[in-house]
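One structure coming up, written as structure tokens, with questions to follow.
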Amino acid sequence: MKLKCKVLLIFLIFVIFVGCGERHKYKEVKLREPKTKEFQSKKLQQPSVHIAIAPVISPQSSLILYADFIRYLQEKLEMPVEIIQRETYTEINELLINGDVDIAFICTGAYIHLKQNFSVKLLVIPQVNGKIVYQSYIIVAKDSPLTSFNQLRDKNFAFSDPISLSGFFYPKYRLYKMGQTPRSFFHKTIFTNSHDYSIKAVAENLVDGAAVDSLVYDSLLKENNSNAKNTKVIERSPFFGISPVVVRPHLSPSFYKKLQDVFTQMAQDETGRSILKKISIDRFILPDDISYYEPVEKMLKDLKNN
């Protein structure tokens with residue numbers, strides 16, 4: 001099965017990079033096996049709680065990683081909790097806008113996009129390694145001769161998602177400051193839909209470089225992930241506000257407070273701390289200081305206006 005999947009991946013990349021007649025078109029490559037279970041969105045019917053997790057990592061990995069967290073949340077809230085998955089950040093945002101989920105773990109870029117165009121409310125902010133910030137990493141293969149972003153000109157490059165801060169907006173803004181665009185600078189670009197797949201694409205030399213979430217990358221390195229180990233970081237972005245947890249518009253104030261209590265108190269009991277460690281989070285804090293998101297808002301406005 002693994003051999004078949006790898007052959008299929010190589011074939012897909014070959015078709016995109018060799019068979020495409022237009023030089024600069026963005027292409028989406030789904031570096032994943034078929035889902036084992038299809039999750040269907042449905043209108044909320046309390047007392048169930050619906051939670052969405054953006055595909056920062058692949059859907060299969062998210063299910064495994066957050067299984068204990070979902071069970072913990074269900075026990076503390078004393079009501080069923082259902083996880084809803086989608087393939088893109090935009091689809092997760094749509095679930096929030098339509099009221100199909102109560103809670104969502106979303107990326108910073110998706111949060112700013114929601115904030116600028118719709119109504120969304122911060123619930124809590126994760127703290128990781130004592131910080132509430134993260135970066136975009138520009139990575140290449142470990143044995144690649146490339147050592148700087150400029151050397152990626154006319155190379156093949158992987159983005160994660162069209163509204164990902166670390167996986168798309170930052171490198172796009174980086175190019176904007178250089179007077180370039182992804183289409184004018186790179187030879188070919190693809191979207192992988194998750195950061196672990198972008199790392200995999202670089203490690204297997206399907207692309208020359210990629211922009212990825214520092215938290216995902218560092219976590220995979222810590223776990224001795226073979227794909228991460230076969231890549232290297234050649235550039236780090238400035239620090240940005242970390243990916244937050246948000247709630248849908250019009251959530252009742254009492255339930256909002258109850259959710260905040262459950263999230264922020266996780267680090268105070270042994271079971272909660274164990275689960276937080278599994279998902280590489282120190283604790284959840286209240287969104288009292290959101291100044292770290294201001295540079296991201298400016299970046300997105302600059303890109304939109306230009």
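The values are calculated or read from the model by the stated rules, or taken from the named source; none is laboratory data. Note that the structure is a prediction, hence the values are computed from the model and not measured. Because the Cβ atoms are built from the backbone with ideal geometry, glycine has one as well, and the counts that use them run over all protein chains shown.
Within the range 278-298, can one find any residue that is charged (D, E, K, R) and within 16 Å of Arg71 (Cα to Cα)?
Yes: the range 278-298 contains one or more residues that are charged (D, E, K, R) and within 16 Å of Arg71 (Cα to Cα).
Mind listing whichever residues of the range 199-220 are β-branched (Val, Ile, Thr) and under 21 Å from Ser243 (Cβ atoms)?
Listed by number, the residues that qualify are Ile199, Val212, Val216.
Answer yes or no as to whether Tyr293 is surrounded by 12 or more Cβ atoms within 10 Å (Cβ to Cβ) and farther than 22 Å from Pro162 by Cβ.
It is false that Tyr293 is surrounded by 12 or more Cβ atoms within 10 Å (Cβ to Cβ) and farther than 22 Å from Pro162 by Cβ.
When only residues in the range 153-197 that are in a strand (DSSP E or B) and of a type in the set (Phe, Trp, Tyr) count, which is farthest from the chain's Cα centre (by Cα)?
From the range 153-197, those in a strand (DSSP E or B) are 156-159, 188-191; that's our starting set.
Those left that are additionally of a type in the set (Phe, Trp, Tyr): 157, 159, 191.
Details: Phe157: 17, Phe159: 11, Phe191: 12 Å.
It comes out as Phe157.
Six or more apart or on different chains, Cβ atoms under 8 Å: show the pairs whose first residue is in the range 277-302 and part of a loop (DSSP other than H, G, I, E, B) and whose second is polar (S, T, N, Q).
Going by the 8 Å Cβ cut-off, the qualifying pairs are Ser280/Ser219; Ile281/Gln127; Asp282/Gln127; Asp282/Asn129; Leu286/Gln260; Leu286/Thr264.
Return the residues of the range 209-237 that are closer than 19 Å to Leu175 by Cβ and either at pLDDT below 95 or buried (at least 22 other Cβ atoms within 10 Å of the Cβ) (or both); say none if nothing qualifies.
Those that are closer than 19 Å to Leu175 by Cβ and either at pLDDT below 95 or buried (at least 22 other Cβ atoms within 10 Å of the Cβ) (or both): Gly209, Ala210, Ala211, Val212, Asp213.
Would you tally the residues in the range 260-273 being free of Cβ contacts under 8 Å to residues at least 40 places away in the same chain and either closer than 30 Å to Pro171 by Cβ or in a helix (DSSP H, G or I) (or both)?
Result for the range 260-273: 5.
Another one. With respect to Lys200, determine if the residue is basic (Lys, Arg), assigned to a helix (DSSP H, G or I) and surrounded by 23 or more Cβ atoms within 10 Å (Cβ to Cβ).
Criteria met by Lys200.
While we're here: Could you say which residue among Ile275, Ile279 is surrounded by fewer than 17 Cβ atoms within 10 Å (Cβ to Cβ) and among the hydrophobic types (A, V, I, L, M, F, W, C)? Spell out how you get there, then give the answer.
Working: Ile275 fails: surrounded by fewer than 17 Cβ atoms within 10 Å (Cβ to Cβ).
Testing whether each residue is surrounded by fewer than 17 Cβ atoms within 10 Å (Cβ to Cβ) and among the hydrophobic types (A, V, I, L, M, F, W, C) leaves just Ile279.
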